[in-house]
Amino acid sequence: METHDILRVLRARYGGAEASDVLIQFARIELERPDALAWMQNGKFFEVYGDPARLLGRLLDLRVAEKPLMTSRAGQPVMLAMTGITIGSEREHLARLLRMGYRVAIGREVQGEREGALKARQLAEVITPGALFDEDLLDDDRRLLAAVELGEQRAGLVLADVSTGALWSQEWAGADAHDRLIDELARTTPAELLCSIDLPREQRQRLGQASGVTRLEGERAQRHRALCDELGLANSYHVGRLSPLPGWWFGAAACQEALLDHFHTADLRPFELAERPYAMRAAGALIRYLRWNRCPALARLQTVRSLGGANLLQIDATTRRTLDIFAGADGTPYGSLLAVLDQTRTPMGARLLKGWLGQGLRDAASLNARYDAVQAGAENLLDREHIRAELRRTGDLERVVNRLLVGPERATPRDMARLRDALAAAGAIAAPLGQLGGLGIAAYDPAPATAALLARALAAAPRTSLAPRPDAETGELLAAGWDAELDALLRREQQTLAEVERLVVTLSLTTGIRSLQQRRDSRSGQIVLALASADARRVPADWSRAARGKDQYITSQLVELSEALSEAEAQRADAERAAWRRLWEQVAAAGPQLIRLAGDLARIDVLTTLAHVAVREGWVRPQIVGERALSIVGGRHPVVCRAVEGYIPATVRLDEGTRLIVLTGPNMSGKSTLMRMVALCVVLAQMGSFVPAEAMTFGLCDRIFTRIGAADDIASGRSTFLVEMTEVATIVHQASADSLVVLDEVGRGTATYDGMALAEAIVEHLHSATRCRGVFATHYHHLVALIGHLPGLACFQMGVRREGEQLIFLHTLEPGVAEGSFGIAVARMAGLPTPILERAQARLAALEAESRWQPLPEPD
């Protein structure tokens, strides 16, 4: 934007006639991205001026001052708000703003360029919740940027993790395409979601709710609008993690052009996007968005991988929730399957473990390879634990490498030192890994050349910043001997400092000023002599006072030494930057090798973790067969068995002869635990883990469906029973003969006869039409008589024994049908008064006598 246009905006907003140069620079950044809060670097601070300063002060509880940044027509100063954040402490404030749903536009000084009397400044990047790669801002639970594109029975999804340089795509077609997209958004829980603003509002809301990005969006937006109204500010800011973009951003031609330019290619077929138009448009919009935000890590998105496919086990959001795969009942990992498994030693291993757990495999060869690796780790304790101990030193190598590869200016000494330490640990892993047969990794390469380079080049404890050190205590950057020119300049600098020390000692002896000390002015670089006030009378006549009101002096010799020291420091800083860039270029050349190593280490971490858990918990290797069978002998719920003393294992067998089990028994007898155990054993087996059982044989499943427990959706106006029927409808429409279906108490949310009729029809459909494997638990004991004629169905009950009025739960799985639900007995255990229990018992006998249910013929 031209300066005269910026001035016109500033005059209209603040009423002044002329604006200071620094305000014009800030306004140029602000007006370039009016949807974001602008920060502008000014020396050691990020500063904000005018109305954005007032808003930022309220949001972050910052002190807001006033500064004459404009002048009126009469030449009078116009005071505007100003606030600032010290560079180095900005991450905490950025994290708070991102949690509130804001975007932040960062303006930085351009090295070596000026605009008049000021340093040149320009918009460097716009930070949004889904485009983070700074480790201090990242949230591992929500780190992905997602983009979606919808059509008639078509849906495309693209996910990017800019912290690791990963980019995935998926496209669905058919009547359930939108539902599959919703399930995937619920599984991946992105930090930010991009969609076309042309999508209907209801569709955008559904996408936001499924992904979780709009959970607090209404509250955030309302709070922001109220604050803008209170401060009298124009509201142009985007608040929220759902980011609707102009419809033309998703146009086929524009997206194809953006992708071809980004990948430097003439054909999108190698990226599997040419034949998937909706995924291609979503990918193009995502790349354009990151480019618009000037994301420094954009270049790290170098390829596109398929997000899913026919060789993956599909688990919908309802199943993940009811099985407590990633979170327990309180929404935290406590009580979840993930909490049992996650004994990983690295953050990248933890991410990979979560990915394997959320999307298992359907390929027997790949699964058996994982089983072999886990078995090798389980059988060799010393080598496995040696590897796990060394993995702790590798840290988050995947993110460290990606941050380093963004560019030499973004590469920090801290990350370079982490890479050095990680490569040393990776080298130490090679020998024990060989003892374990390589754990399925064909060619483990710990990058010994790069490890040797960094060990030789980096200082033992490099300083934290690339900027020249302000004092001698912050440490060096590069090791002695790495660069001859740098070593010579550093010796010259140290010699000059030694001369200064000798001069001060000499002056102290010749003048008798025992309090004499040397200090250096941080701005000018001039070395001054400081002394106590009592010694001021001893100062020689040829010393000059350095500053008014202070007992600080300079001499001609000290001035010469100060100039020599400043010159040596400047030359050393230039040589150091050049040497650092050469080091970075050599590390960057090994980038693909380091990325592969990070992936191998993450895989090693997961496999050794699965072996560790298998040994600790006493799990066994499952066996894959070609039939549609599922046999779990002595199976245990992987979470419950750790918390319940005397847990009783159960054996469940499903095959072509017995595809469905109808399970009866009273409340608290363990029906839900047993059903979850069956499903979780399949989840574990198809992720490549051993399982909590004495033995397990199974045919691969394509999907797992569960409907356990009751829940409503008040916000959407859906009752408990409507939610239940919606979930069952999803199962009926999407389950296949290769699916595993686990249903608990279907039909209990409506009248008895309605519920029993629905339950009967659903079981018949799953048995005769879908022909899937499954477990169906019910309290409708009459239902067993109605469906008992189905050939692929078997009836089992949870063991219970009555002793007088006491009910003893055996928690065993036994053939047959339970005598009843024993609801009144459970109510007695809960402490209901005796008159109520007696009345209920009498009414139960009467109602059971009136029942006249008869079985219907099986539908054709």
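The values are calculated or read from the model by the stated rules, or taken from the named source; none is laboratory data. Bear in mind the structure is a predicted one, so any value in this text is a computation, not a measurement. No Cβ is skipped: glycine too gets one built from the backbone with ideal geometry, and neighbour counts run over all protein chains shown. All accessible areas refer to the heavy atoms of the entire protein, side chains included, with ligands and DNA or RNA removed. Shrake-Rupley method; radii C 1.70, N 1.55, O 1.52, S 1.80 Å.
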Query raised in the report: Once every DSSP H run of n ≥ 4 in the chain is given -39500 (n - 2.57) and the sum is divided by its residues, what mean residue ellipticity at 222 nm do you get, rounded to the nearest 500 deg cm²/dmol?
Result: -14000 deg cm²/dmol
Report summary line: Share of accessible surface on carbon and sulfur in the stretch 621-708, whole %, 1.4 Å probe and ligands ignored, is 48 percent
Query raised in the report: Under 23 Å from the Cα of LYS44, which lysines turn up, not counting those fewer than eight places away in the same chain?
Result: LYS67, LYS119
Query raised in the report: Relative to the longest principal Cα axis of the chain, at what angle does helix 21-32 sit, 0 to 90 degrees, rounded to 10?
Result: 20 degrees
Query - Options ALA17, GLN494, ALA546, ranked by Cα towards positive dipole end of the chain, top entry (Cβ charges) - result: ALA546
Query raised in the report: Taking R0 as 60 Å, what's the FRET efficiency between THR511 and ALA589 from their Cβ-Cβ distance, rounded to 0.05?
Result: 0.55
Report task. Evaluate the Kirkwood expression for the hydrodynamic radius of the stretch 212-293, namely the inverse of the mean inverse distance over all pairs of different C-alpha atoms, and round to one decimal in Å. Result -> 15.0 Å
Query raised in the report: What does the charge add up to near ARG121, with Lys and Arg as +1, Asp and Glu as -1, over the other residues with Cβ less than 11 Å from its Cβ?
Result: -1
Query - Heavy-atom accessible area order for ARG320, ARG523, largest first, 1.4 Å probe - result: ARG523, ARG320
Report task. Using only Cα atoms, find the angle between the long axis of helix 277-292 and the longest principal axis of the chain, and express it within 0 to 90 degrees, rounded to the nearest 10. Result -> 30 degrees
Report summary line: Pseudo-spin-label distance ALA488 to ASP754, built 7 Å along Cα→Cβ, given in nm, is 9.2 nm
Query raised in the report: Nearest 10 degrees, 0 to 90: what angle lies between the long axis of helix 3-14 and the longest principal axis of the chain (Cα atoms)?
Result: 70 degrees
Report summary line: Whole-percent carbon and sulfur contribution to the accessible surface of the stretch 1-98 (1.4 Å, no ligands, DNA or RNA) stands at 49 percent
Report summary line: Ordering THR394, THR812 by the accessible surface of their heavy atoms, 1.4 Å probe, largest first, yields THR812, THR394
Query raised in the report: What translational diffusion coefficient, in µm²/s and rounded to a whole number, does the Stokes-Einstein relation yield for the stretch 460-598 at 20 °C and a viscosity of 1.002 mPa s, taking the hydrodynamic radius as the Kirkwood radius over Cα pairs?
Result: 122 µm²/s
Query raised in the report: Hey, if we sort ARG393, ARG241, ARG388, ARG73 by accessible area with the 1.4 Å probe, largest down, what's the order?
Result: ARG73, ARG393, ARG241, ARG388
Report summary line: note: the stretch 116-202, Cα-Cα separations exceeding 19 Å make up a percent value of 49 percent
Report task. Kindly provide log₁₀ I(q)/I(0) values, in the same order as q = 0.12, 0.19 Å⁻¹, from the Debye equation applied to equal alpha-carbon scatterers of the stretch 291-437. Result -> -0.74, -1.28
Query raised in the report: Can you give the Kirkwood hydrodynamic radius of the stretch 249-374 from its Cα pairs, in Å with one decimal?
Result: 17.5 Å
Report summary line: Two pseudo-spin positions, 7 Å from Cα along C-beta at ARG96 and at GLU409, lie apart in nanometres by 2.8 nm
Query raised in the report: Heavy-atom accessible area of ARG392 with all protein chains present, probe 1.4 Å, nearest 10 Å²?
Result: 150 Å²
Report task. Calculate the translational D of the stretch 335-384 in whole µm² s⁻¹ from Stokes-Einstein, where the hydrodynamic radius comes from the Kirkwood formula applied to all Cα pairs, the temperature is 20 °C and the viscosity 1.002 mPa s. Result -> 174 µm²/s
Query raised in the report: Rounded, prolate or oblate: which fits the chain when a ≥ b ≥ c are the square roots of the eigenvalues of the alpha-carbon gyration tensor, with rounded for a/c under 1.5 and prolate only if a/b beats b/c?
Result: prolate
Requested in this report: For every other residue with a beta carbon closer than 11 angstrom to the beta carbon of ALA614, add +1 if it is Lys or Arg and -1 if Asp or Glu, then tell me the sum.
Outcome: +1
Query raised in the report: Averaged per residue, what accessible surface does the chain expose to a 1.4 Å probe, in Å²?
Result: 45 Å²
Report summary line: Residue span ALA389 to ALA530: 0.36 nm per residue of separation minus Cα-Cα distance leaves a gain in nm of 45.5 nm
Query raised in the report: If you roll a 1.4 Å probe over the stretch 290-342 with all protein chains in place, what percent of the accessible area is carbon or sulfur?
Result: 55 percent
Requested in this report: Pop a pseudo-label 7 angstrom from the Cα along the beta-carbon direction at both ASP5 and ALA785 and give the gap in nm to one decimal.
Outcome: 8.3 nm
